[in-house]
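Just below is one structure, and these are the notes that go with it.
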Amino acid sequence: MNIQSNFSLKAYNTFGIDAKASYFLEINSIEDLRKAFQLDTYPKKFIISGGSNMLITQHIDALVLHINIKGIEVVQETDEEVILKIMAGENWHQMVMYTLDKGYGGLENMSLIPGNTGTAPIQNIGAYGVELKDIFVRCEAMDVETQTLKTFTKEDCKFGYRDSIFKNEVKGKYVITSVTLQLTKRNHKKNTSYGAIEAKLKENNIIDPSIKDISNAVIAIRQEKLPDPKVLGNSGSFFKNPVLDRENFTSFIEKNPHAPFYKISESEYKIPAGWLIEQCGFKGKRFDDAGVHKNQALVLVNHGNATGEEILKLAFRIIKEVKEVFGIDIVPEVNIIK
Ligand code: EPU
């Protein structure tokens, strides 16, 4: 086992934070993972996968296990549908491109999301009207105490908006090793109702889009709005969009009649945190190397050498300001490692 010490995690988190881990080990198989958890010499273990949804704010005094388990396999197939088992270390976007090249539908709206497949269930990733739960069948995860594999069905996962059982009841108790998804081979359920997709397809004169056209539209929209982590460190949306009950929503919209919102149900309304943050004047602002992206205020960025602490300080400043101006609490979506 090639355990490295005092290892920089800069290349392993999309914020590009130059924090170090006491020890680091690459995990290439389920067997590697099992053996790693049995290493008593390193009592504290810490899992890192795509590193796309975390803000590291200090040295990680643990054995960091980097999940790099690869493989995609067809587990069931009919003329209509295919069920794929994808190992946790597969890069999400490359996997989406693979499915589209095969003509499988279901993931096109979730093109170009950074990170690895194994972490997608933790926060039920979603974009442009589709969430992981819409095509999710089950996932397998290793119990860190017993090193046995357990299957979690869709119901077991208790998916919500950027939420699942893995963020709550079983947090830290399992490491997801594979994800099984159900995709269509024909009669694809295309979802183009999201405003930005409709506009992009229209701009390109596409009336009856293929799944590849939808993917291309999503990629173009994301490239316009969201910074490429390879160029500018970031973790996608830093905050969740707050959900207001009817009463709070009514008083909010009376005071802010031009605010965008999504009606979730008769009693729940989601307000784009990016809009709230922009109204507070933060869009494009920079405080040393910690900043707010110029095209999407929901995204915090590392202009080069920001520390996790500096990004976190900016996040707290934004939370406070949004609360003062709108009376609304916004909460981070990314996992803050303290
Ligand atoms: N808006 C502003 N100013 C901004 C940003 C947004 O006024 O700086 C307004 C937009 O004009 C629009 C509304 O807010 O009216 C929504 O913006 P957008 O379509 O960019 O989506 P979002 O609600 O900000 C969510 C997800 C994204 C996902 C997009 C598209 C969350 C926390 N974020 O963002 O997910 O790509 O919808 O579906 O739900 C991520 O989780 O990392 C992520 C990027």
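The values are calculated or read from the model by the stated rules, or taken from the named source; none is laboratory data. Small disclaimer: the values here were computed from a predicted structure and weren't measured. Counting neighbours? That spans all protein chains shown, and the Cβs are built from the backbone with ideal geometry, glycine included. Please note that ligands, DNA and RNA were not included when accessible areas were found on the heavy atoms of the full protein model with its side chains. Shrake-Rupley method; radii C 1.70, N 1.55, O 1.52, S 1.80 Å.
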Q. Can you find even one residue in the stretch 66-84 that is under 18 Å from Lys167 (Cβ atoms) and in a loop (DSSP other than H, G, I, E, B)?
A. no
Q: Can you confirm whether the stretch 147-157 contains a residue that is modelled with pLDDT of 95 or more, under 12 Å from the mean Cα position of the chain (by Cα) and either more than 16 Å from the ligand (Cβ to nearest atom) or surrounded by 18 or more Cβ atoms within 10 Å (Cβ to Cβ) (or both)?
A: no
Q. Got a sec? Which strands (runs of 3 or more DSSP E) wholly within the stretch 226-316 have at least 3 residues that are within 16 Å of the ligand (Cβ to nearest atom)?
A. 233-237, 262-265, 268-270, 299-302
Q: Could you tell me whether Asp288 is within 18 Å of the chain's Cα centre (by Cα) and loosely packed, with under 15 Cβ neighbours inside 10 Å?
A: no
(Q) Exactly one condition in (1) assigned to a helix (DSSP H, G or I); (2) in contact with a strand residue (DSSP E or B) (Cβ under 7 Å, 6 or more places away or on another chain) is false for Asp156; which is it? (A) (2)
(Q) From the list Gln76, Gln38, exactly one residue is in the same structural domain as Cys139 (by TED's automatic domain parsing) and either surrounded by 21 or more Cβ atoms within 10 Å (Cβ to Cβ) or farther than 30 Å from Glu310 by Cβ (or both). Which is it? (A) Gln76
Q. Does Gly308 satisfy the criteria of being open to solvent by less than 70 Å² (accessible area, probe 1.4 Å), modelled with pLDDT of 95 or more and at positive phi?
A. no
Q. Name the residues in the stretch 128-146 that are of a type in the set (A, V, I, L, M, F, W, C) and surrounded by fewer than 20 Cβ atoms within 10 Å (Cβ to Cβ), would you?
A. Val137, Val144
